[in-house]
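The values are calculated or read from the model by the stated rules, or taken from the named source; none is laboratory data. None of these values were measured; they are calculated from a predicted model. No Cβ is skipped: glycine too gets one built from the backbone with ideal geometry, and neighbour counts run over all protein chains shown. These area figures cover heavy atoms from the full protein model, side chains too; ligands, DNA and RNA do not enter into them. Shrake-Rupley method; radii C 1.70, N 1.55, O 1.52, S 1.80 Å.
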Amino acid sequence: MSSNGSGLDRREFFRHSVGMGAGALALGRLPADLGGRVRGAHGVPLIITSHTNETGQNAMREAWEILDSGGSALDAVEKGANVIEVDPEDSSVGYGGLPNEDGVVQLDASIMDGRTYNAGSVASLENIKTPASVARLVMERTDHVMLVGKGALDFARSFGFEENNLLTAKSREAWLRWRERRGESDDWGPPDHLRDRGGNQTGFLDGPDEFHYGTTNVLAVDENGDIAGITTTSGLSWKINGRIGDSPVIGAGLYVDNEVGAAGATGRGEDVIKSCASYYIVMRMRDGRSPQQACEDALEMIVNKYRAISNDFIPSEKFVAINKDGEYGCARMRGRGAARITFRNEDGLEAYEGTQRYQVSG
Ligand code: ASP
């Protein structure tokens, strides 16, 4: 029985980093004098996601079918993102994502197509399970890059997208629990005279406190060497109504350069926006850094900014990247979960563990 629930043996599934640039070492490069881009010879086609659960693995399996039959990176990333978006059990992306402070699920997503140097995004989109596909239509069917809120919803409606309440029973319960526990100074929760003054939660909804970061990045390079990417999310849980994170901001939550590679971010979007992190990572790769090194460079850049101001603040970003040669990388702040991605190339479906670089605490 596999321990990751995927049918894969754990040892087969995980490919560990052995340090800086490990993503590059894992696959090797085609010697330049052989020329050309030979399918499979150096890890192309390739698709990765920052999701490492079973849904992430299924997303890679389905998206791989497109790449394996000669399809485009753009179609593959859309397929992969949609698989994760429609999963009601995933509380960080699409349907079932945790809502804002008013109990409304507001989704952000972006897409970028390296081949055409085109991009599209939607932000604060309600009622549509697949925001990545709406972002793709913004990219392909308009001369705009970004649509927000009601405008994005009207746009989706015009293309026949079905509307749904994106709150599931599970995500509603999590929100109600958060609302009841939010503070003592409001009136949500049991009547005052029945409250437990010993600090226990008696009378409140049972269950853990939940606060979520969570997003998925899907990046691919196809057999022609064309590169595409998507970042899609329900954003920070309990966010202020109308808050937009990094995911729909091109250059922050996602960036693709067809000559170089692609990068995506998850974690506290405010940091990612200020640092233009995905663009920075791709530019580092343009300067010759491996995807792994470039992801680590971006973490270091953000940490250094905050260290100069507040040593107590712990940033929470996770960065993922691929390059045109089919190399990949991932880096994340220590103590914020594993630095893993799921990827699929001709070697099969695997997980790669990058590096956790910084412990930033007081
Ligand atoms: N980056 C997302 C946001 O800030 C959240 C996340 O990735 O956890 O909306």
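Once the convex hull of the alpha carbons of segment 44-165 is built, what does its volume come to per residue, in cubic angstrom? Each step should come with its number before you reach the end.
Working: hull volume 13.0 nm³, N = 122.
Considering the Cα atoms of segment 44-165, their hull volume per residue is 106 Å³.
Among Ala277, Cys330, Thr342, which residue has its Cα positioned farthest towards the positive end of the charge dipole of segment 204-362, with +1 placed on the Cβ of Lys and Arg, -1 on the Cβ of Asp and Glu, and the dipole taken about the Cα centre?
Of Ala277, Cys330, Thr342, it is Ala277.
What are the ³J(HN,Hα) values, in whole Hz, obtained from phi via the Karplus relation 6.51 cos²θ - 1.76 cosθ + 1.60 with θ = phi - 60°, for each residue of segment 318-326 in sequence order, with x given for Gly and Pro?
Result, rounded to whole Hz: 10, 10, 10, 7, 10, 10, 5, 8, x.
Given a Förster distance of 30 angstrom, what is the FRET efficiency for Arg157 paired with Glu54, based on the Cβ-Cβ distance and rounded to 0.05? Don't skip to the end; give the middle numbers.
Details: r = 32 Å, r/R0 = 1.07.
The formula returns an efficiency of 0.40 here.
Please work out the C-alpha center-to-center distance from segment 110-172 to segment 312-347 and express it in whole Å.
Distance between centres, Cα-based: 25 Å.
Using a 1.4 Å probe, how large is the accessible area of His193, given in Å² and rounded to the nearest 10?
About 150 Å², rounded to the nearest 10.
Beta carbons within 10 angstrom, averaged per residue: use that to sort the peptides 317-325, 233-241, 292-300, 63-71, highest first. Write out the running numbers ahead of the final one.
Values: 317-325: 28.4, 233-241: 21.2, 292-300: 24.3, 63-71: 18.4.
Averaged packing, sorted descending, gives the order 317-325, 292-300, 233-241, 63-71.
Roughly what would the spin-label model give for Asp209 and Val104, points 7 Å off Cα along C-beta, in nm?
Placing both labels 7 Å along Cα→Cβ, they lie 2.7 nm apart.
Counting only protein heavy atoms and a 1.4 Å probe, tell me what percentage of segment 244-330's accessible area is made up of carbon and sulfur. Intermediate results must be reported in sequence, preceding the final value.
Numbers: 1340 of 2760 Å².
Accessible surface attributable to carbon and sulfur in segment 244-330 totals 49 percent.
Report, to the nearest whole %, how much of the accessible area of segment 54-111 belongs to carbon and sulfur atoms, 1.4 Å probe, protein only.
40 percent
Can you work out the PRE-style zone for Arg141? Point 7 Å along Cα to Cβ, and I want the residues of segment 76-98 with backbone N under 17 Å.
Once the point is set 7 Å along Cα→Cβ of Arg141, 78-79 turn out to lie under 17 Å by backbone N, inside segment 76-98.
Pulled fully out, how much extra length does the chain show between Asp312 and Glu173, if you take 0.36 nm times their separation in residues and subtract their Cα-Cα distance? Each step should come with its number before you reach the end.
Numbers: separation 139, 0.36 × 139 = 50.04 nm, distance 3.21 nm.
Here the answer is 46.8 nm.
When the dipole is taken about the Cα centre of segment 122-165, and only Lys, Arg (+1) and Asp, Glu (-1) are charged at their Cβ, what size is it in debye, to the nearest 20? Intermediate values should be presented prior to the final figure.
On the way: 5 positive and 6 negative charges, 10 e Å.
Dipole size: approximately 40 debye.
Show the residues, 5+ positions off or on another chain, whose built amide H is closer than 5 Å to the amide H of Val260.
HN-HN under 5 Å from Val260: empty list.
Quick one: length gained pulling Asp287 to Glu89 fully straight, 0.36 nm per residue minus the C-alpha distance? Don't skip to the answer; put the middle values down first.
On the way: separation 198, 0.36 × 198 = 71.28 nm, distance 3.99 nm.
That pair, Asp287 and Glu89, stretches by 67.3 nm at full extension.
Report Trp188's accessible area, 1.4 Å probe, all protein chains in place, as a number in Å² to the nearest 10.
110 Å²
Relative to the Cα centre, what is the charge dipole magnitude of segment 235-362, using +1 at the beta carbon of each Lys and Arg, -1 at the beta carbon of each Asp and Glu, and rounding to the nearest 20 debye?
Values: 17 positive and 17 negative charges, 114 e Å.
Dipole size: approximately 540 debye.
So how long is each side of segment 205-332 along the principal axes, counting just the alpha-carbon atoms, biggest first, in Å?
Projected onto its principal axes, the Cα set of segment 205-332 covers 53, 33, 25 Å.
Mean projection of the alpha-carbon convex hull of segment 88-140 over all orientations, in nm²?
Values: hull surface 15.1 nm².
That works out to 3.8 nm².
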